[in-house]
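Trainee: Please see the structure below; I have some questions.
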Amino acid sequence: MTVHPRLQEITDRIIERSAAPRAGYLARMRAANGKGPSRAHLSCSGQAHAYAAAGDDQDALATGIGGNLGIVTAYNDMLSAHQPFELFPDVLRKAARSVGGTAQVAGGVPAMCDGVTQGEAGMELSLFSRDVIAMATGVALSHNVFDAAVFLGVCDKIVPGLVIGAQAFGHLPAVFVPAGPMTSGLANDEKAMVRQKFATGEVGRDALMKAEMSAYHGPGTCTFYGTANTNQMLMEFMGLHLPGSSFVTPNTDMREALTAEGARRALSLSALGNNYTPVCDILDERAFVNGMSGLMATGGSTNLLIHLVAMARAGGIVLTPDDFSEISELVPLLARVYPNGLADVNHFHAAGGLGFVVGELLKGGLLHPDTQTVAGQGLDHYTQEPFLENGELVWRPGTDQSLNPKIVSSIDAPFQKTGGLKRLKGSLGTGVMKISAVAPEYHVIEAPARVFHSQEDAKAAFKAGEFTGDVIVVVRFQGPKANGMPELHSLTPMLAILQGRGQKVALVTDGRMSGASGKVPSAIHVCPEALDGGPIGQVQDGDILRVDAVAGTLENLAPDAASRPMVTVDLSGGAAGVGRELFTPFRAAVGAAETGASVFGW
């Protein structure tokens, strides 16, 4: 398969730009592998500590003949996406024993849900939790007693944090094992309608609660195509999942079979055998380009523009906003999953899913086909689907035709010719807009600004009836340094109501929106953020702003805007409470959104 010349050009540029940090990273990983199986170097006392609770596995661990699998888990039973992981360690241990190996839970990492903390102070910890997860992964694996690792995680910050942590131990093979989406409940568009009616007072909280409980009703990931399910797509496109495993629902025979195979596959890739495939070799520049192509083709979450940059830098690879923009111009949109359509991820999976999209992009030369993956050499493995034959897991060729053209389309007849995300640049700085769910008539908005310093103040103005005409709502001091860059998803119902009334409306913010947002044009991740002296800090009420996803521009048309002093605000009210005081060093050290909003300083 031939790679599209433009995609190859972008990849070559990334390789050249990353040459020095990538070489340094790989040298560290080769040195770590050169020391041999880690637990063999421990003292007898150290090994005894490591194996003391291993029961029948103690002898196998002490001899060191079979591989030892480290399990890093994001299990908790408050969050539906991670509750199924409670039972995974036993499945993984049994599978490891079946091939002469062992498995131990190396450690747990926190997993928080942006859906729970939307509009709450806890949301200000959300983005930082990614780097905490990366550090917790490092702690979990720091005992150096493992030959390979599996990572159990699904949602928004968890998978990016696990990937960053896994790359710190990049000399080890790594297989990511998902829990899968919950079965379909109340349709996402119906849920959104009830939310809008509640915002206008048409229905009460009892109706809202009934709708929400009908939508989020069981174990598994939320079924819309937000950040969590975008993560799962990326793990397939980047070769860290087993093919076809992302959207298999929990508590099924297929889910258990894929989990068990994840353990066996991870051990088969260790340095103890003949098929050594460390994660540092899987996650090369081409893998990240494949991930960006998948992001654009499926209309994925804007949060991944931050996370992919941070994930790449953990492996010495430097991605820039222009890389995303250029790939978005090249890669067409092939999926319509809520909020980009009415289908949920279960419908998408049934219609051909990720395997079909991979096949179509390979046809168009819009993926690198020869990347290493946990399934072996070549991305063509990911056009296959898993099946159970007499209880045995096998893979067969997936469909080469869409089984529902309203949900997933061919590369010859895409839903739109460019990807789902648009980079914006101009006098207000740089930002991004998710356009896959925005109707074309809203791709360009020019209107007076109304400026707020919190989403609560913006919602209060809405409830007071202050938005009577066209408006671009500016919510600033929401960047990483200001308050941890919370999602502002609770603004979505308000903005959608204004848009539904026929008003021209947009959002401009240095904060984030939910991975499921999309119907209202939103210029988000604006850099530099207001606290960093960005021009968003010079906007005044009444300034005419222009958000233009066609030209890719973000402008303040007020002639004197650039000469104004920067506005200042007192942020001390958000410095403590709900754990925020623990993250003061993070707010001081964090980088800009366009460099990954990381505290690690790469």
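Please treat every number below as a calculation from the coordinates, not as lab data. Everything numeric in this text was worked out from a predicted model, so none of it was measured. Note that each Cβ is placed from the backbone with ideal geometry, even for glycine, and that neighbours are counted across all protein chains shown.
Trainee: How long is the gain from H443 to K406 if the chain were fully straight, where each residue apart is worth 0.36 nm and the alpha carbon distance is subtracted? Working shown, then result.
Mentor: Numbers: separation 37, 0.36 × 37 = 13.32 nm, distance 2.21 nm.
Between H443 and K406, full extension yields an extra 11.1 nm.
Trainee: Follow-up question, since we're still on this one. Taking the alpha-carbon centroid of each part, what is the distance from the range 300-329 to the range 103-132 in angstrom?
Mentor: 21
Trainee: Between Rg and the Kirkwood Rh of the range 396-451, both from Cα atoms, what is the Rg to Rh ratio?
Mentor: Radius of gyration relative to Kirkwood radius: 1.16.
Trainee: Still on this structure: Can you give the FRET efficiency to the nearest 0.05 for A551 and A31, using r as the Cβ-Cβ distance and R₀ = 45 Å?
Mentor: The computed FRET efficiency comes out at 0.40.
Trainee: May I pose another question? With contacts defined as alpha carbon pairs under 8 Å and 6 or more residues apart, what's the relative contact order of the chain in percent?
Mentor: 15
Trainee: Please give the length that would be gained between Q377 and A461 if that part of the chain were fully extended, namely 0.36 nm times their separation in residues minus their C-alpha to C-alpha distance (nm, one decimal).
Mentor: 24.6 nm
Trainee: Using per-residue counts of other Cβ atoms within 10 Å, averaged over each peptide, order 389-402, 214-227 from highest down.
Mentor: 214-227, 389-402
Trainee: Also, I was wondering about something else. Please compute the modelled spin-label separation between M1 and M566, points set 7 Å along Cα→Cβ, answer in nm with one decimal.
Mentor: With each label placed 7 Å out from Cα toward Cβ, I get 4.6 nm.
Trainee: Any chance you could get the radius of gyration and Dmax over the Cα atoms of the range 529-602, in Å?
Mentor: 15.9, 42
Trainee: Using the per-residue mean of other Cβ atoms lying within 10 Å as a proxy for protection, in what order, highest first, do the peptides 379-387, 466-474 fall?
Mentor: Result, highest mean first: 379-387, 466-474.
Trainee: Let me ask something additional. So if we plug the beta-carbon distance of T63 and D322 into 1/(1 + (r/R0)^6) with R0 = 51 Å, what FRET efficiency do we get, rounded to 0.05?
Mentor: 0.45
Trainee: Take every DSSP beta bridge whose two residues both sit in the range 421-574, then give the antiparallel share in percent to the nearest 5.
Mentor: On the way: 17 of 30 bridges.
That works out to approximately 55 percent antiparallel.
Trainee: If you take every DSSP beta bridge whose two residues both sit in the chain, what share of them, in percent to the nearest 5, is antiparallel?
Mentor: Among the beta bridges of the chain, antiparallel pairing accounts for roughly 45 percent.
Trainee: To the nearest 0.05, what FRET efficiency results for A350 and Q196 with a Förster distance of 22 Å applied to their C-beta separation? It would help to have the intermediate numbers written out before the result.
Mentor: Working: r = 28 Å, r/R0 = 1.29.
For R0 = 22 Å, the calculated efficiency reads 0.20.
Trainee: Let me ask you something else. Counting trypsin sites (Lys or Arg not before Pro) as exposed when in a DSSP loop with at most 10 other beta carbons within 10 Å, what is the longest stretch of the chain free of them?
Mentor: Formally, the longest exposed-site-free interval is 1-416.
Trainee: Remind me, relative contact order of the range 421-574 in percent, using alpha carbon pairs under 8 angstrom and six or more residues apart?
Mentor: Relative contact order, the range 421-574: 32 percent.
Trainee: Which distance in Å, rounded to a whole number, links the C-alpha centroids of the range 143-176 and the range 518-560?
Mentor: 37
Trainee: Next up: Counting other Cβ atoms within 10 Å of each Cβ, which GluC sites (Glu not before Pro) in the range 181-217 have at most 12 and sit in a DSSP loop?
Mentor: E202
Trainee: If each DSSP helix of 4+ residues adds -39,500 (n - 2.57) and the sum is divided by the residues in the chain, what number results at 222 nm, nearest 500 deg cm²/dmol?
Mentor: Roughly -10500 deg cm²/dmol at 222 nm, from the helical runs in the chain.
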